[in-house]
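Notes follow the structure.
The values are calculated or read from the model by the stated rules, or taken from the named source; none is laboratory data. Keep in mind the model is a prediction, meaning the values are calculated, not measured. We place every Cβ from the backbone using ideal geometry, glycine too, and count neighbours over all the protein chains shown. Heads up: the accessible areas ignore ligands, DNA and RNA and are worked out on the full protein's heavy atoms, side chains in. Shrake-Rupley method; radii C 1.70, N 1.55, O 1.52, S 1.80 Å.
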Amino acid sequence: MKEDDTMLICTANDYNGMSRKAANIISAQIIMKPNAVLGLATGSTPIGTYLQLINWYEKGDLDFSFVRTVNLDEYKGLDPNNLQSYAYFMKTTLFDQVNIRPVNTNIPNGLETDIDFECKRYNTVIKSLGDIDLQLLGIGTNAHIGFNEPNSAFEKETHCVKLSPNTIESNARFFENEDDVPRFAYSTGIKNIMQSKKILLIASGKSKADALYNSIFGPITPSVPASILQLHNNVTIVADEDALSIIKEKGLL
Ligand code: PGA
């Protein structure tokens, strides 16, 4: 464990260990504030965390009935029933399996073609919930958070993003072929993320090692979006040995 004023790095042995530690932190948040606003993420990294939360819910240890959620992003153009949409992912991976009220869950509307309308609408939703108590983040191999790709302005709120070739390639594994990956997405911005009271970033695997090292120890720059987190005053990083391998090789942990 490394701790400085603002960033706590917790090491886990592997993906399962990372998932349990992350779920513990989210669980503590819900126990301490039953109507907490959780900022949620999609992707392969949080699946184990959500499974652990479901398990504790099934045992009667967690109650989601007052929890409110706001997701980071959604592909533009995908119907919520499309198997690759983040709305579908959240429904099947978490929401349908716990006692959260659907009305308390929020995801950008991928079908909205009026970009200005949707971005304003989603920002208003986030503001109406008050501050996000705990924002869960994965990290892209290019250090994106949400779909805030390298070189997007740090100050942005919800916006429509043109996905980078790196992200399209990484996410192609979920689609039949790369051409099916949507080229645009709605994403909350760095500003929305930075306004969260607490941030929990999770990372697993060697493919994240560079991004993690650059984000925590490199210069703060829009070319490494997650590096902005160095300026947040309450960030916990839970990562496995592989994701921390470069940081450890350099003797920084
Ligand atoms: P992953 O994606 O969890 O599927 O690796 C993380 C991200 O792109 O934020």
Let me see the P(r) profile for the range 76-212: every Cα-Cα distance counted, bins of 10 Å, each bin given as a percent of all pairs. 11, 39, 41, 9
Which cross-chain or sequence-distant (5 or more) residues have an amide H under 5 Å from the amide H of Asn71, H modelled 1.01 Å from N in plane? Leu40, Asn106, Ile107
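Taking chymotrypsin sites (Phe, Trp or Tyr not before Pro) that fall in a DSSP loop and have at most 14 other Cβ atoms within 10 Å as cut points, what is the longest piece of the chain between them?
By the stated rule (loop sites, at most 14 other Cβ atoms within 10 Å), 67-174.
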Check: C-alpha center the range 54-118 vs C-alpha center the range 198-244, spacing in Å is 25 Å
Restricting the calculation to Cα positions, tell me the Rg (one decimal) and the Dmax (whole number) of the range 174-225 in Å. 14.5, 38
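Over 29 Å between Cα atoms, which of Lys21/Lys206; Lys162/Lys248; Lys162/Lys198; Lys91/Lys208 qualify?
In this structure, Lys162/Lys248 exceed 29 Å between Cα atoms.
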Jot down the radius of gyration and Dmax of the range 1-83, Cα atoms only, both in angstrom. 14.7, 43
Would you mind working out the magnitude of the charge dipole of the range 1-127 relative to its Cα centre, with +1 at each Lys and Arg C-beta and -1 at each Asp and Glu C-beta, to the nearest 20 Debye? 280 debye
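Can you check what the Kirkwood hydrodynamic radius comes to for the chain, Cα pairs only, in Å to one decimal?
With all distinct Cα pairs of the chain included, I get 18.1 Å.
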Counting only residues 5 or more places away or on other chains, whose amide H sits under 5 Å from the amide H of Leu137 once H atoms are built in the peptide plane? Leu200, Leu201, Ile202
Could you tally the net charge around Asn35, taking each other residue with its Cβ under 10 Å from the Cβ of Asn35, Lys/Arg +1 and Asp/Glu -1? +1
Under a point-charge model restricted to the Cβ atoms of Lys and Arg (+1) and Asp and Glu (-1), what is the dipole moment magnitude of the range 2-249 relative to its Cα centre, in debye to the nearest 20? 560 debye
Report, to the nearest whole %, how much of the accessible area of the range 2-249 belongs to carbon and sulfur atoms, 1.4 Å probe, protein only. 50 percent
Report the accessible area of Ile237, computed with a 1.4 Å probe over the heavy atoms of all protein chains in place, in Å² rounded to the nearest 10. 10 Å²
Loop-resident trypsin sites (Lys or Arg not before Pro) in the range 104-200 with no more than 15 other Cβ atoms inside 10 Å, DSSP not H/G/I/E/B, are Arg183
Counting other Cβ atoms within 10 Å, which GluC sites (Glu not before Pro) in the range 150-198 have at most 14 and lie in a DSSP loop? Glu155, Glu176
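Over the Cα atoms of the range 156-253, Rg to Rh with Kirkwood Rh, two decimal places? Intermediate results must be reported in sequence, preceding the final value.
Values: Rg = 15.0 Å, Rh = 15.0 Å.
Rg divided by Rh gives 1.00.
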Where both partners of a DSSP beta bridge lie in the range 2-249, what percent of those bridges are antiparallel, to the nearest 5? 30 percent
Can you list, largest first and rounded to whole Å, the semi-axes you get for the range 95-136 by taking the square root of 5 times each eigenvalue of its Cα gyration tensor? 21, 15, 8
